[in-house]
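Structure, as structure tokens:
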Amino acid sequence: MGLFLSRFVNKIDKKGRVSVPAPFRASLSDQSFAGIVVYPHPKLPALEGCGYDRIQKMVEGHDRLDQFSDQRDDLGSIFAVSHQLAFDPEGRVMLPEDLLRYAGISEQAVFAGFGSTFQIWEPQAIDRHLSEARDRIRIQKTTLPASRPEGSGK
């Protein structure tokens, strides 16, 4: 599964093409699909992106939900608005107009790594979002759970 770290600002050309950062492409090099999967983030004014293996894991989780439950139907909508975007020879993808509009992206896009996924933002919007997130972490004293050594049984 891909690992996405850091932030990269890239220009979007007049055709809607944007270069996917080289470290992100390298992280996806062993995937069965040479590209990315992108969909509107369900809670933020940004796009969520991942590799094909990650979206497959999401489908597997979705398949474990009760067949006709509201939760399954609601979460399944993510797949309906997802786009598989293939890399061109220069490592670019073409972001569909509906996705650009959703995230308010026009001339530049920020690719921000979020571990096993990444997000694509309008530059000023992500600056605000990250500042607010840091404030919440500080105020709520949020921490990541400690990892347990393999085989510890707990």
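The table for this structure:
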{"item": "Verdict on residue 12 being at pLDDT 95 or above and touching an Asp or Glu at 6+ places or on another chain (Cβ under 7 Å)", "result": "yes"}
{"item": "Residue under evaluation residue 16, criteria (1) surrounded by fewer than 14 Cβ atoms within 10 Å (Cβ to Cβ); (2) on the phi > 0 side of the Ramachandran plot, criterion not met", "result": "(1)"}
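The values are calculated or read from the model by the stated rules, or taken from the named source; none is laboratory data. Here the structure is a predicted model, which is why all the values come from computation and not from measurement. So basically every Cβ, Gly included, is an ideal-geometry build from the backbone, and we count neighbours across all protein chains shown.
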